Structures are given as structure tokens and as C-alpha cells.
Amino acid sequence: MKKRWILVYLLVTIGLTHCNSIVGELLSTSDPTFREREGSNLSIVFGYLNMKDSPAGLGWLEFKEYASGIKAPKRKATFLKIHDGYLFWDDNVKPGSYYVYKFGDTHYSFEMDTRFDYTYRFKVEPNPTKIDIKKAGVYFVGSYKYNKIESGDDEANFKMAPITSVTEIMLLKKMMKQAKGTQWKELIKNRMSEIREFGSRMNTAEHE
């Protein structure tokens, strides 16, 4: 009997180790890139989420367009793990008003042999991620962190708090690499120049 228990334990341990190594490899080699720009009137929408304190990471995120009288289509974002969180973006976005609709992840518990699906939304109105695109450009919806509200074990009690530790310029620098070989790189570069010029003007005004 003792030998049979030892054999089962070893099989489970090897299985878990093997799964973890595969996941780690996939995360470390994941290097998403921008799609080629499909028109001169199209834009990039991007932001950052720190999900470190959530029960799961970020496996998917959807943008949605504000539209009256019709069922607005959803747009799935691309994301990249950086700075304890995730840079996310959508490219080839047409003029209009958009916001982060919902986001989440799937977590599998080996101990319970159960799959858990987590879905989150910004729970304030107006939605702080709303942006209006009137001309082609690069639009930042902000950086946010998942903060659990201590009110029991209900995972629904949380808020997405804005943070300043991960800035727009930091994310744009990372996006430059992901946009290599596409027309988006020049658009991102122009946005970085705008931010630097604005900062320079602000510094000059403060010292006058």
C-alpha cells in the first residue's frame, strides 16, 4: 500500500511541474506585435492594468464603442505583461467613442479540479477609460491597479484605482518595439514628441 501511495504522489508532482514549466515558457516567449495599419484615419487605443492583487491575471480585455440605437460591436485587445501588470492596446480603431468594456482571466485549480472564470468591469460612471477619437492618433485610456475592498471574501468587492507609477511615456517606449516594421511606429514616435514638448513648456512656465 505504501508503495502505491508513493507512486501516485510522484506522478502528480511530475505532472504539475511539467504544466508550470510550459506556462512559464509561453509567458516568457510571448511577444505580441502590432498589425499593419489599414488606413490613414485609424488609431491606437492603449492603457495599463496592474492585476497583481486579483485572484487571476489578465487573459483577455474588450473595448466597446458607445453607440445609440444599435448593438455596439466589441473589440478584443492585445496585451503584454510588463511592470507587474499588463500593457494592452487595440490598433486600427476607427473614429468614435470607446471604453474598456470588461476584462478577466481563467484560473484552473489543480487541487479542486475546477476552472474559475473571472470577469471584471470598471464600476464607476462615467467610465474613466472613455476616449473620443476624432482624428487619427495614439490615445491613452490610463493606468489602473486592481484594489480589493476588504469586506469579506466576495471577489466582486474591488475597485480599479488610477496610478501614476506607470506613465504614458513609459508604455509608449515599450510599444515602439512592438510596432517595429509598421506605420504605427512613426505615429507612436510623434505622440512621444508631443508629451515631451508639453512637459518642456510646463517646466518653462513654472520657472518664469
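The values are calculated or read from the model by the stated rules, or taken from the named source; none is laboratory data. These figures come from a predicted structure and were not determined experimentally. Note that each Cβ is placed from the backbone with ideal geometry, even for glycine, and that neighbours are counted across all protein chains shown.
Structure data summary
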| item | result |
| --- | --- |
| Single condition ALA56 does not satisfy, out of (1) of a type in the set (A, V, I, L, M, F, W, C); (2) in contact with a His (Cβ under 9 Å, 6 or more places away or on another chain); (3) modelled with pLDDT of 90 or more | (3) |
| Tabulated pairs, the range 179-195, first on the phi < 0 side of the Ramachandran plot and part of a helix (DSSP H, G or I), second surrounded by 14 or more Cβ atoms within 10 Å (Cβ to Cβ) and polar (S, T, N, Q), C-beta under 9 angstrom, 6+ apart or interchain | TRP184/GLN178; LEU187/SER43; ILE195/THR167 |
| MET170, sole failed condition from (1) free of Cβ contacts under 8 Å to residues at least 60 places away in the same chain; (2) closer than 18 Å to LYS52 by Cβ | (1) |
| Qualifying positions in the range 65-103 - among the small types (Gly, Ala, Ser) and at pLDDT 90 or above | ALA77, GLY85, GLY96, SER97 |
| Single unsatisfied condition, GLU36 versus (1) of a type outside the set (Val, Ile, Thr); (2) touching a strand residue (DSSP E or B) at 6+ places or on another chain (Cβ under 8 Å); (3) at pLDDT 90 or above | (2) |
| Filtered residues of the range 33-47 (kept if out of contact with any helix residue (DSSP H, G or I) (no Cβ under 8 Å at 6 or more places or on another chain) and of a type in the set (Val, Ile, Thr)) | VAL45 |
| Members of the range 86-133 that are hydrophobic (A, V, I, L, M, F, W, C) and either in contact with a Gly (Cβ under 9 Å, 6 or more places away or on another chain) or closer than 23 Å to LEU42 by Cα (or both) | LEU87, PHE88, TRP89, VAL93, VAL100, PHE103, PHE110, ILE131, ILE133 |
| Subset of the range 88-123 [of a type in the set (A, V, I, L, M) and closer than 17 Å to PHE140 by Cα] | VAL93, VAL100 |
| Residues located in the range 166-183, provided they are aliphatic (A, V, I, L, M), touching a strand residue (DSSP E or B) at 6+ places or on another chain (Cβ under 8 Å) and surrounded by fewer than 19 Cβ atoms within 10 Å (Cβ to Cβ) | none |
| Flag if TYR120 is out of contact with any Pro (no Cβ under 9 Å at 6 or more places or on another chain), closer than 25 Å to LYS174 by Cα and hydroxyl-bearing (Ser, Thr, Tyr) | no |
| In the range 92-130, the residues that are closer than 29 Å to GLU194 by Cβ and in contact with a Ser or Thr (Cβ under 7 Å, 6 or more places away or on another chain) | VAL93, TYR99, VAL100, PHE122, LYS130 |
